[in-house]
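Heads up, the thing below is written out as structure tokens.
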Amino acid sequence: MIPVTKTYLPAIERYHEKVNEIWHSGILTNRGSLVVELEASLKKDLNQDHLLCTSNGTIPLQIALKLYGKEGEIITTPFSYVATTAAIQWEGCKPVFVDIERDYWTIDPQKIIKAITPKTTCILATHVFGNPCDIESIEKIARDYNLRVIYDAAHCFGVNYNGKSIFSFGDISTCSFHATKIFHTAEGGAIFCNNPEDNDEVFGLHNFGHKGKLEYSGLGINAKMSELSAAMGLAVLPDMELIFNKRKKLVDKYKTHLSNLNCISFKTRPKTEINNSYFPLEFPNQAVREKVEKALNAENIIPRRYFFPSLNKLPYIKSEKMPISESLADRVLCLPLYHSLSDSEQMLVINIIKKTLS
Ligand SMILES: *Cc1c(COP(=O)(O)O)cnc(C)c1O
């Protein structure tokens, strides 16, 4: 089987080495030495002053919305994974969708302005497939209308924009370290708080509101990463350059072989160092997408419809139509892309697509 992605498993000896430390310390969670070590390594690698590791990549969205959402209206993108919308709803806020930019598949700033009401508190936008939103325009809107900006940067490990880590932007940025993501800790994530004055509150929010053992500074939840997850992260982290390079090669090869088929429309925003976390194709209509999907499935190749449905169509959502996002969600397929995808496997994928479209 050739799936859309395979989890990167580091040398087991390196994982054992880290797990041994757990057996020596006897500490499995509550910010043990491995979580602290992982956070320090990530800060260095990503050139960030502040981040906290979390138990997954959804809870940091919830924490950000708890801090800034105030149960108000959150302007958000319909083209993302369900977690982006679910977090808004779960926190008692109201998702207000605006459509995406045709070229970059990220939220359209012009449409954000039209959706602002007195109840709007935040913009929650996804850097989808690691492609940055129109950060400058969103920043300006946030300043003009006094809104907070939260970036769901779940796909963005290793992405740089304008010479800086993508996690440096927004009031808060979040990342997912789920096993399907480019850097992983099995389950895990991180929250990047870019307002030093909010650091303590974010810390409290992720740890039951503890302020010392017996005191509480406020409401909090359990969003802590375990030592076992941190051990996995520390074992994977040294291999990230290899992973990025391998994926770049695979993406270049897909582009070489598929570029004259008119289905590569995903465009990286200028000034971006992308991480090649996904390789989406956009077909001219649903029927062609289905035909390609079926032809691949017949050879046990499983691309994925990232992202379907357009999130404004979720059963618990009431929203206007989002024509660009809905149309894209009907027509897009992400191709297999992972470190161990072999040359012959990739050629098989390429040849099936070529044959189906010819
Ligand atoms: C994966 C993902 C999440 C959620 O991450 P988890 O670690 O699985 O909780 C959130 N947003 C987007 C866009 C994602 O792709």
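The values are calculated or read from the model by the stated rules, or taken from the named source; none is laboratory data. What you see is a predicted model; the values in this text were computed from it and never measured. We place every Cβ from the backbone using ideal geometry, glycine too, and count neighbours over all the protein chains shown.
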**Request:** Identify all residues within the range 15-29 that are within 25 Å of the chain's Cα centre (by Cα) and either at pLDDT below 95 or more than 24 Å from PHE203 (Cα to Cα) (or both); write none if there are none.
**Result:** TYR15
**Item:** helices (runs of 4 or more DSSP H) contained entirely in the range 34-148, each with at least 2 residues that are within 12 Å of the ligand (Cβ to nearest atom)
**Value:** 59-68, 82-90
**Item:** Total residues in the range 305-358, condition within 19 Å of LYS253 (Cα to Cα), part of a loop (DSSP other than H, G, I, E, B) and within 20 Å of the chain's Cα centre (by Cα)
**Value:** 5
**Message:** Out of everything in the range 168-188 that is under 18 Å from LEU67 (Cα atoms) and within 11 Å of the chain's Cα centre (by Cα), what residue ends up being farthest from the ligand (Cβ to nearest atom)?
**Reply:** SER173
**Prompt:** Of all residues in the range 158-172, which are under 24 Å from ARG247 (Cα atoms) and in contact with a strand residue (DSSP E or B) (Cβ under 6 Å, 6 or more places away or on another chain)?
**Reply:** ASN160, TYR161, PHE167
**Message:** Return the residues of the range 214-231 that are buried (at least 21 other Cβ atoms within 10 Å of the Cβ) and outside any helix (DSSP H, G or I); say none if nothing qualifies.
**Reply:** ALA223, MET225, SER226
